[in-house]
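Below: the structure, in structure tokens.
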Amino acid sequence: MNRGTPERRIVLTGFMCAGKTTVAHALAARLRSTMLDTDALIVERTGRTVEAIIREDGEPRFRQLEQAALRDALENRDGARVIALGGGAWAIAENRAFVNAHYCLTVWLDATFELCWQRIAADSHDARPLARNRDAARQLYEARRAHYAEADLRVRVGADEGADSIALRIISALTEWPPSSKD
Ligand code: S3P
């Protein structure tokens, strides 16, 4: 990458099952770096699954752990160029401010609700307790879009495109970053 993005870290956001973790792996491989996933960090730090934490301790406790994982990722693990957030992390103003204060480039993987829901429903039962049915998932999806739109870059993703191809599109967009004012 050139211009404004030589070593900036890239943070991927977007709704559940938009492909953040998979694309983060592909992006990190293309950048010859490594990736972190805040959900995976929580599992690593607690030895419990995200769904168990939400179900047994409640969402507020999960959000505390998520914030701690995000701080850990940004403050202590700066070898990783790519960070995949859980779908709710970017909806919290304090987390957005924290990511921005670390001068990260943020990318919104924008998938349609139908695509996300198809994948959520196909995943193991109750893997995502906050999207326990279609209506609950839809409400969250709509409520969060305005926050996702605050990311630096919006990348529309469909069902048919592979993670590597999406990663290449992100790299190409960021190579031209920041867009000139006429864009
Ligand atoms: C959540 C998304 C999940 C996980 C948790 C809560 C959310 O991550 O962090 O179940 O609030 O959107 P993915 O976006 O990776 O599914």
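None of the figures in this text is laboratory data; all of them are computed from the coordinates on show. Note that the structure is predicted; figures quoted are calculated from it, not measured. Because the Cβ atoms are built from the backbone with ideal geometry, glycine has one as well, and the counts that use them run over all protein chains shown.
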Calc'd 3J(HN,Hα), segment 41-48, phi into Karplus 6.51 cos²θ - 1.76 cosθ + 1.60 (θ = phi - 60°), Hz, glycine/Pro = x, comes to 5, 5, 4, 4, 6, 9, x, 10
In degrees, nearest 10, the alpha-carbon axis of helix 134-148 is tilted away from the dominant principal axis of the alpha carbons of the chain by 30 degrees
Ordering 145-153, 22-30 by per-residue average of other C-beta atoms within 10 angstrom, highest first, gives 22-30, 145-153
For residue 11, the residues 5 or more places away or on another chain with a placed amide H closer than 5 Å to its own amide H are 83, 105, 106, 107
Taking 32-45, 82-95 and ranking on average Cβ neighbours within 10 Å, highest first, one gets 82-95, 32-45
